[in-house]
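Taken together, the values in this text are just the output of simple stated rules run on the coordinates, not laboratory data. Keep in mind that what you see is a predicted model, and the values were worked out from it rather than measured. Here the Cβ positions follow ideal geometry from the backbone for every residue, glycine too, while neighbour counts run over all protein chains shown.
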Amino acid sequence: MKKEKTLTLMDMIGMTLSAFVSMELISSMAGIGPSVIAAFIIFGGTYVFTHCVICAELGSTYPDQGGIYSWVKRGLGDKWAARTNWWYWLNVVGFIPSVMIPTIAIFKQLFWPEMSLTVTIILCIVGTWLIVFFNTLPLKDSKLLNNVGTAAKIIFCIALIGGGIYIAFTGRSRVAFSAETMVPEFNLALIALIPVFVYGLTGMDVVGCAAEEMHDPKKDMPKALVISTVIAMALYIFSTMAVEIILPADQIDGTTGLIDAIMIAYNGSKVVICLIGVALALLYFSNAFSWPLAANKAAQEAAEEGEFPEIFAKTNQYGSPVGGAVILGIAATCLIGFYGLIATTNEGLFWTLLAFTGIVFFAPYITMSFAFLKLRMRDKDMERTFQIPGKKFPYLCGVYHIIILVGSCISFLIPPDGERFTYTLVLLATLIGTQIIGEMIVNQAMKRKNK
C-alpha cells in the first residue's frame with residue numbers, strides 16, 4: 001500500500017528529538033557531579049558523531065520503509081534482518097515501562113506523595129495501553145503528539161536551565177564548575193554511566209522507519225539528523241548542569257530528580273511548578289510513543305516480507321501496525337509485572353528495566369554498524385546524497401560505533417550501588433530467555449519464507 005507523503009522536515013526533526021532526547025536519563029547523569037559534563041562531551045560527543053553520520057548516510061542512500069531493518073537486510077541478509085527486528089521490537093517492550101515510571105513519579109511528587117510501588121506499576125500498565133492506542137492512529141494525526149512533546153521538551157529544558165541560572169546568580173549554587181571539578185574521574189561510577197550516555201544518544205534511525213511518508217527523504221533526512229544532534233547535545237549538557245546547580249549530587253534521585261529541581265527553583269509558585277510538571281510528563285509520554293511506532297512499523301515491514309510472525313503485519317484502515325502494537329502492550333505488561341516483583345523502589349525498578357532495555361536496544365545498532373561497513377565496501381559506486389568523507393574514515397566510524405556499543409552492553413551488566421549480584425543473574429536470565437524466544441520466531445519465519 002502506497003504511503004501518503006505527510007512528513008515535512010520539521011516533522012522529522014520533531015520525531016527524531018521526541019525519540020532521541022531521553023530526559024529521564026538526565027537525573028542519573030547529574031548524580032555524578034560536574035565531571036559528567038566533560039565525560040559526556042568526550043564519550044557522548046564522539047559516539048553521537050559516528051551515530052549521526054552513519055544513520056545519515058544509510059538513511060539518505062537507502063531511504064526504504066523500515067529503516068534499520070531494511071538496511072541490515074541489504075547488508076547482512078534476511079536472517080540477520082529478522083534478528084535485528086526482534087531486538088529492535090523487544091527493546092521497546094522494556095522501554096515503555098522505563099519511561100512510564102518517571103512519568104508516574106512526577107505525578108507522585110506533585111499530587112500523591114504516598115503513592116505505593118504497586119499503584120505505580122498499575123498506572124504504568126494503564127499508560128502502556130494508552131501508548132498502544134496512539135500507535136493505532138494514522139500517522140498524520142498521531143504525529144501531533146511528537147510535535148507537541150518536542151515543544152514541551154524544549155519548554156521544560158528552558159524552564160529548568162532558567163531556574164539553574166537564577167539559583168546560580170542568587171549565590172545558592174550547589175556545585176562549582178571549574179577545571180578541577182570538571183576533570184572526569186575514570187572510576188566504576190563513570191564506567192557504569194557511559195552506557196547511559198550511549199543510550200541517551202542512540203536512535204537517529206527512528207525517522208528512517210517512515211521513509212515512504214517523507215516528502216524528500218534523501219535531502220531532508222540528513223538535515224533532520226544533524227539539526228537534531230546539535231539541539232540534543234545542548235539540551236543534555238545545559239539541563240544536566242542546571243540540575244547539578246539546584247540539587248546536591250547525593251540528593252539527586254534517578255526518577256524524580258528533574259521535578260525535584262523544578263520544585264526548588266520555582267519554590268512558592270505551585271501553578272508554575274504544576275504546569276512545568278505536566279510539560280515534563282507530556283514529553284516523557286511523547287518519547288514513549290515514538291519508539292513503539294518505529295519498532296512496530298519495522299516489524300510490520302518484516303512480517304510483510306515473511307520474516308516475522310504474520311500477526312505483526314496486521315493493520316487497520318489507516319495502515320497503522322495494530323497487530324504489533326497489541327502484542328507489544330501484552331509483552332510490556334508482563335515485563336512490568338515480572339520486574340515489579342523483584343524491585344523494592346521506583347528507582348530500582350527503573351534502573352533494572354533500563355539495563356534490560358539498553359542491552360537489547362544496542363544489539364540492532366551493532367548489526368547496523370556491520371551492515372554499514374559491508375554496504376560501504378560492496379556499493380562503492382552507489383550515489384550518496386550524504387556520505388562520510390574520506391576513504392578510511394567511514395570505516396573507522398563504523399568500528400568505533402561497534403566498540404562503544406559492545407562496551408556499553410557489558411557495562412549495563414555491572415550491578416548499581418546497593419544492588420546484589422543477583423541483579424546481574426536475573427538480567428542475564430531475562431536476556432537469554434528472550435533471545436531463545438527470538439531465535440524460535442526467526443527460525444520459524446525463515447522456514448515459512450523458504451517453503
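Per residue, the average separation of C-alpha pairs within less than 8 Å and at least 6 apart gives the stretch 41-123 a relative contact order of 14 percent. Working note: Karplus 6.51/-1.76/1.60 with θ = phi - 60° gives the stretch 242-252 the couplings 5, 4, 5, 5, 7, 10, x, 4, 7, 10, 8 Hz, where Gly and Pro are set to x. For the pair residue 410/residue 264, report the inter-label distance in nm, with labels modelled 7 Å from Cα in the Cβ direction. For the pair residue 410/residue 264, the computed spacing is 3.6 nm.
List the pairs from 108/223; 223/374; 223/297; 79/314 whose alpha-carbon separation is above 31 Å, in the order I gave them. Show your work: numbers first, answer last.
Working: 108/223 39 Å; 223/374 24 Å; 223/297 22 Å; 79/314 21 Å.
Flagged as over cut-off: 108/223.
On the basis of the beta-carbon distance and an R0 of 51 Å, residue 278 and residue 381 show a calculated FRET efficiency of 0.45. Arranged from fewest to most other beta-carbon atoms within 10 Å of their beta carbon, 202, 430, 385 become 385, 430, 202.
The stretch between residue 10 and residue 119, if pulled fully straight at 0.36 nm per residue, gains 35.5 nm over its current Cα-Cα span.
Taking a ≥ b ≥ c as the square roots of the eigenvalues of the Cα gyration tensor, the stretch 224-266 is classed as prolate, since a/c reaches at least 1.5 and a/b is larger than b/c. Straightening the chain between residue 330 and residue 449 buys 40.2 nm, computed as 0.36 nm per residue apart minus the Cα-Cα spacing. Residues of the stretch 360-397 falling in the label zone of residue 403, defined by backbone nitrogen less than 12 Å from a point 7 Å along Cα to beta-carbon, are 396-397.
In this calculation the C-beta distance from residue 310 to residue 111 is compared with R0 = 41 Å, giving a FRET efficiency of 0.40.
Taken one residue at a time, the phi angles of the stretch 398-406 give Karplus couplings (6.51, -1.76, 1.60, θ = phi - 60°) of x, 5, 4, 4, 5, 4, 5, 5, 5 Hz. Gly and Pro are set to x.
Computed from the C-beta positions of residue 432 and residue 395, the FRET efficiency with R₀ = 45 Å rounds to 0.90.
Coupling constants for the stretch 165-180 follow from the phi torsions by the Karplus curve (6.51 cos²θ - 1.76 cosθ + 1.60, θ = phi - 60°), and in residue order they are 5, 5, 4, 5, 6, 8, x, 10, 4, 8, 8, 10, 8, 9, 4, 6 Hz; glycine and proline get x.
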